[in-house]
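The values are calculated or read from the model by the stated rules, or taken from the named source; none is laboratory data. Keep in mind that this is a model prediction, so the values were computed, not measured. Counting neighbours? That spans all protein chains shown, and the Cβs are built from the backbone with ideal geometry, glycine included.
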Amino acid sequence: MIHGTVVGLQARMGVIIRPIGSSEVDIECVVDTGFEGFLTLPPSIVAELGLTYLGPLRANLADNSRIITNVHQATIVWNGSERNIPVLAMGRRPLIGTALLADYHLFYEGGTVLVDDIL
């Protein structure tokens with residue numbers, strides 16, 4: 001089970017990223033159920049972590065505009081297991097998308113957010 005909190009009406013959770021050749025980093029992310037990808041990180045954080053570049057991607061944003069963004073690969077710890085996922089280098093704040101939440105339940109109770117396996 002993964003725990004988070006609600007801050008200012010936003011569900012927030014930490015994601016542990018394990019960069020190659022560096023110490024792991026815990027990054028607080030906002031859960032964005034309107035984002036269908038795995039994870040976004042600001043380009044400055046992607047550069048700081050030295051994530052592996054995979055290529056460009058055309059992305060469709062919530063306002064129906066289209067942009068080209070860079071995709072990188074990151075190793076994260078998710079529910080106790082390492083996972084290699086694509087990370088979009090964009091935006092000002094880290095976002096968790098629905099692809100990372102696939103096969104999990106997302107619960108909100110009071111000021112607590114929980115993500116748990118679907119049984």
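On the basis of being aliphatic (A, V, I, L, M) and in a helix (DSSP H, G or I), does residue 47 make the cut?
Yes, satisfied.
Name the residue that is surrounded by the fewest Cβ atoms within 10 Å (Cβ to Cβ), counting only residues in region 10-47 that are at pLDDT below 95 and farther than 28 Å from residue 114 by Cα.
21
Scan (1) out of contact with any Lys or Arg (no Cβ under 7 Å at 6 or more places or on another chain); (2) in a strand (DSSP E or B); (3) among the charged types (D, E, K, R) for the single condition residue 58 breaks and write down its number.
Every listed condition holds for residue 58 apart from (1).
Would you check if there is a residue in region 29-43 being polar (S, T, N, Q), outside any strand (DSSP E or B), farther than 27 Å from residue 110 by Cβ and out of contact with any Pro (no Cβ under 6 Å at 6 or more places or on another chain)?
No - not one qualifying residue is present in region 29-43.
Say we look at region 67-92 and pick out the residues that are surrounded by fewer than 15 Cβ atoms within 10 Å (Cβ to Cβ) and not in a strand (DSSP E or B); which of these is farthest from the chain's Cα centre (by Cα)?
80
Quick test of your reading of the structure: residue 22 fulfils all but one of (1) in a loop (DSSP other than H, G, I, E, B); (2) touching a residue at least 40 places away in the same chain (Cβ under 8 Å); (3) in contact with a Leu (Cβ under 8 Å, 6 or more places away or on another chain). Name the failing condition by number.
If we test residue 22 against (1) in a loop (DSSP other than H, G, I, E, B); (2) touching a residue at least 40 places away in the same chain (Cβ under 8 Å); (3) in contact with a Leu (Cβ under 8 Å, 6 or more places away or on another chain), just (2) comes out false.
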